[in-house]
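Trainee: What follows is a structure written as structure tokens; I'll ask about it next.
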Amino acid sequence: NMHEKINDNKLIEHLLVGLDDHIEDIQILCHQILSKLCHFAGGNVLGHLDSIIEPLSKCIDKQVKQLESKQEVEKASDILRSALRAVETLSHIPDNDTNNKFQEFLKTVHSNEHNIKVLEAIQSQRETMQSY
């Protein structure tokens with residue numbers, strides 16, 4: 001099993017750098033890796049949740065502002081969807097509710113109407129995929 005050969009903590013350290021990268025395609029890849037890692041190493045991800053929140057929050061805020069100013073709407077939508085998919089996956093890690101910073105972050109994310117719509121679409125897609 002490949003997962004057994006990976007040092008989760010080292011991977012998360014590198015993901016933190018990538019999540020905060022100025023190249024948005026790197027951020028998207030890191031969102032995807034983070035989402036996968038949540039399924040295999042949720043406990044380790046939970047241990048780094050405080051550090052993960054900041055770059056995700058920056059990314060989401062930046063994309064929401066771009067959408068509001070109608071700049072690069074398609075790209076901003078893709079990046080926002082990617083970040084929110086990672087947030088949605090993080091919210092399914094058992095015991096995430098014990099992290100107050102993450103719960104506050106979720107409240108902030110859910111305070112934006114556009115984010116809510118994207119998250120609902122992500123959740124619907126997840127439910128459809130689970131039914132197969």
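Trainee: In the set SER91, SER82, SER131, which member is among the small types (Gly, Ala, Ser), closer than 21 Å to HIS39 by Cα and open to solvent by 60 Å² or more (accessible area, probe 1.4 Å)?
Mentor: Exactly one residue qualifies, and that residue is SER131.
Trainee: Here is a follow-up. Contact list please: Cβ distance under 7 Å, first residue in the stretch 99-124 and free of Cβ contacts under 8 Å to residues at least 60 places away in the same chain, second residue part of a loop (DSSP other than H, G, I, E, B) and open to solvent by 50 Å² or more (accessible area, probe 1.4 Å), pairs at least six apart or on different chains.
Mentor: ILE116/HIS110
Trainee: Separate question: Collect the residues in the stretch 6-25 that are under 25 Å from LYS75 (Cα atoms), open to solvent by 80 Å² or more (accessible area, probe 1.4 Å) and not in a loop (DSSP other than H, G, I, E, B), keeping them in residue-number order.
Mentor: Across the stretch 6-25, the qualifying residues are HIS14, VAL17, ASP25.
Trainee: Can you find even one residue in the stretch 69-79 that is closer than 21 Å to LEU46 by Cα, open to solvent by less than 100 Å² (accessible area, probe 1.4 Å) and modelled with pLDDT of 95 or more?
Mentor: no
Trainee: Being touching an Asp or Glu at 6+ places or on another chain (Cβ under 9 Å), assigned to a helix (DSSP H, G or I) and open to solvent by 60 Å² or more (accessible area, probe 1.4 Å) is the requirement here; does ASP50 meet it?
Mentor: no
Trainee: Pick from the stretch 94-125 the residues that are among the β-branched types (Val, Ile, Thr) and either out of contact with any helix residue (DSSP H, G or I) (no Cβ under 7 Å at 6 or more places or on another chain) or closer than 20 Å to SER51 by Cα (or both): which of them is least open to solvent (accessible area, probe 1.4 Å)?
Mentor: Among residues in the stretch 94-125 that are among the β-branched types (Val, Ile, Thr) and either out of contact with any helix residue (DSSP H, G or I) (no Cβ under 7 Å at 6 or more places or on another chain) or closer than 20 Å to SER51 by Cα (or both), the one least open to solvent (accessible area, probe 1.4 Å) is VAL109.
The values are calculated or read from the model by the stated rules, or taken from the named source; none is laboratory data. What you see is a predicted model, and the numbers here were worked out from it, not measured in a lab. Neighbour counts run over all protein chains shown; Cβ positions are idealised from the backbone, glycine included. Accessible surface is based on the protein model in full, side chains and every heavy atom, while ligands, DNA and RNA are left aside. Shrake-Rupley method; radii C 1.70, N 1.55, O 1.52, S 1.80 Å.
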